[in-house]
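Only the coordinates and a few stated rules stand behind these numbers; no lab work does. Worth saying up front: this structure is predicted, and the values here are computed from it rather than measured. Note: ideal-geometry Cβ built from the backbone for every residue, glycine included; neighbour counts use all protein chains shown.
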Amino acid sequence: MQITPDNIQHVNVKIFVRQPAAVDLAGTIPVFHRWIQDRVCEELLIDVADYRHVPGGPGVILVGHEANYSLDESSNQLGLLYNRKLRIEGGVREKLEQAYRSALIACRRLEEEEVFRGKLKFNAGEFEMILNDRLLAPNTDETWLALAPVLQEFCKTLLGERAYSLDRLGEPRERFRVGVKTQAPLDVESLLEAFQGR
């Protein structure tokens, strides 16, 4: 199957925490339960799963119908992971924008929660884009060559004139994953304002 930006379906975005040691994931569980009750997200939220006992694992997951949100500890790096499960229209660029914006909004909500206020801070300039489609987008040079221009365009639009690195990560047997990091940390609010200004 030919790899093109338009046939990618399941886009994940993980935005990293600045100081992970200060965060107690136990506080996430009642917060996520309240998000379900209050219907704070665009997606239909269903349940909370606690995987804190798994080292370098999925952390605490807010399970939704269209997407999952989690404070994820995969690769021993704590961050907010948005995992899109259901198909949406558009090419990979539009799907990246939707996933990143959803992750940013969740990051801001968590930062504003009383249990995390002053303790949890995300760096919106350090994130990963993960394509959860091993058949459509294997972690190969071919996929990188096909998608790199779209990923670069997305980052340039998102980050403007800020200097950043864009690197393909992982091994061929892993999902296709790209890391982005700006030279200086970025707060969540500034990136949300950039989205709203477009």
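So the values come out like this:
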| quantity | calculated |
| --- | --- |
| Alpha-carbon centroid distance for the pair the stretch 82-130 / the stretch 21-58, whole angstrom | 14 Å |
| Relative contact order for the chain, counting Cα pairs under 8 Å that sit 6 or more residues apart, in percent | 25 percent |
| Convex hull (Cα only) mean projected area of the chain, reported in nm² to one decimal | 10.8 nm² |
| Over the stretch 27-78, relative contact order from alpha-carbon pairs under 8 Å, at least 6 apart, % | 28 percent |
| Burial ranking of peptide ranges 21-28, 36-43 (average Cβ count within 10 Å, highest at the top) | 21-28, 36-43 |
| Sorted peptide list for 7-15, 71-79, 50-58, criterion being average Cβ within 10 angstrom, highest first | 7-15, 71-79, 50-58 |
| Choice from ILE105, ILE61, ILE130 with maximal GNM fluctuation in the chain (Cα, 10 Å cutoff) | ILE105 |
| Relative contact order computed over the stretch 68-181 (Cα-Cα under 8 Å; 6+ residues apart), in percent | 23 percent |
